[in-house]
1. Is the C-alpha gyration tensor of the chain telling us rounded, prolate or oblate? Criteria: a/c under 1.5 is rounded; beyond that, a/b larger than b/c is prolate, otherwise oblate.
2. Give me the 1.4 Å probe accessible area per residue for the chain, excluding ligands and nucleic acids, in Å².
3. Given 20 °C and 1.002 mPa s, how large is the Stokes-Einstein diffusion coefficient of segment 156-310 in µm²/s, with Rh as the Kirkwood radius over Cα pairs?
4. Under 26 Å between alpha carbons: how many lysine pairs meet that in the chain, if sequence neighbours fewer than 8 apart on the same chain are excluded?
5. Full extension from Arg330 to Val203: what is 0.36 nm times the residue separation minus their Cα-Cα distance, to one decimal in nm?
6. Kindly identify segment 212-251 as rounded, prolate or oblate by the Cα gyration tensor criterion: order the square roots of the eigenvalues as a ≥ b ≥ c, call it rounded if a/c is under 1.5, otherwise compare a/b with b/c, prolate if a/b is larger, else oblate.
7. Put a dot 7 Å past each Cα toward the Cβ at Asp185 and Arg233; how far apart are the dots in nm?
8. Could you sort Lys128, Lys79 by accessible area so the largest value comes first, with the probe set to 1.4 Å?
Amino acid sequence: MGWLVKILVVLTLLWCGLWWFASTLIERGVAGWLSDMRAQGWQVEVDSIAVDGFPFSFKTTLGALTLSDPKTGRGTQAKDIRLSAPVYWPGDITLSLPQTPIALSGANGLSLFMRAREGEITLRLHPKMALGLREFNATSGPWQINMVSGNLASGKSFDVEFKQDSTQAYSYGFSINADELVPGDTLRAMFDLPAEWPSAFEVFTGEGDITFDQPLDRFALENRPLPSVVAFRRLDAIWGSLRVSGQGHLSISTNGIPEGDLSLSIDNWQQALEFAGKGGLLKSDQRKQIGLVLGALANRGDNPDNLELRLLFKDGAMLLSGIPLGPAPRLFVR
């Protein structure tokens with residue numbers, strides 16, 4: 001019996017040593033990643049980095065964290081970010097979003113504040129040196145996004161999935177679903193929505209595939225992979241009498257010029273055009289001209305309230321249901 005106790009003691013000591021060694025590597029790895037971001041020109045501030053979770057997991061907690069890119073103005077601020085991973089593979093990472101607001105800043109000076117209850121982001125990485133992304137998933141219970149001027153949007157829950165194709169390493173299938181998506185008072189006021197207009201979308205969902213020109217791995221921050229093919233299998237949104245559905249396929253050149261087409265079906269398109277005008281997206285003369293063109297296109301079908309559109313990108317030009325619109329925009333620029 002004594003030899004069994006000795007073996008258990010040795011195994012316990014080995015396990016403790018291995019856990020301590022791995023936790024030290026994780027702590028140094030997080031610090032190294034933040035250091036790499038500083039080398040890329042980002043401003044990085046973090047109060048503390050702590051690792052616990054012994055004996056069956058690694059739980060890393062970052063104190064108040066600030067990331068900002070002086071070149072673009074993008075950045076984020078958050079408190080008590082918690083990451084956890086099982087001992088058997090630290091590359092299966094779960095990030096628990098803090099209950100306190102997360103501040104986000106954009107390149108145009110826009111500031112947003114996000115709060116999500118039971119929000120989690122999971123990353124599944126390949127057990128190789130490059131740590132390539134295998135799967136990404138973001139879920140949340142009730143959430144909201146606010147601007148300084150007021151609420152921008154909220155919802156009952158959301159689910160975003162990004163999963164690597166089993167046959168193409170650079171390709172990922174994606175899906176998004178927002179349950180009871182509610183545009184906030186800021187958006188309702190912007191588009192001058194009537195009081196009786198429904199508060200929430202009945203449906204807001206989509207799925208498709210994205211192929212990148214380089215792998216999504218630990219070198220992505222430096223190499224900056226860009227989409228080369230984007231395919232929308234299904235896009236559906238229903239808000240009151242407005243119904244939008246679509247699909248399409250775009251190939252994107254190295255200089256960001258798209259080639260392909262997008263098909264959209266819009267019910268009650270006149271209402272959508274009216275909202276766009278009230279929201280300042282279209283000037284009065286533009287609204288009239290576009291209304292005449294869309295009306296002519298809608299009259300081609302069986303129902304003039306339903307608009308079927310095909311946006312074609314070809315040879316650097318853009319056409320809407322056969323009508324030339326001018327040069328195609330650059331979608332992504334490295």
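The values are calculated or read from the model by the stated rules, or taken from the named source; none is laboratory data. Remember, predicted model here, so these are calculated numbers, not experimental data. A quick note on method: Cβ atoms are made from the backbone with ideal geometry, for glycine too, and the neighbour counts reach across all protein chains shown. Areas reflect the complete protein model, heavy atoms only, side chains present, ligands, DNA and RNA absent. Shrake-Rupley method; radii C 1.70, N 1.55, O 1.52, S 1.80 Å.
1. prolate
2. Ligands and nucleic acids excluded, the result is 59 Å² per residue.
3. D, rounded to a whole number, is 119 µm²/s.
4. Values: Lys59/Lys79; Lys59/Lys128; Lys59/Lys163; Lys71/Lys79; Lys79/Lys156; Lys128/Lys163; Lys278/Lys288.
Pairs that pass both the separation and distance tests number 7.
5. Working: separation 127, 0.36 × 127 = 45.72 nm, distance 2.99 nm.
Result for the pair: 42.7 nm of gain on full extension.
6. Numbers: a/c = 5.19, a/b = 2.64, b/c = 1.97.
Prolate, since a/c reaches 1.5 and a/b exceeds b/c.
7. Output for this residue pair reads 4.1 nm.
8. Details: Lys128 145, Lys79 125 Å².
In descending accessible area the options line up as Lys128, Lys79.
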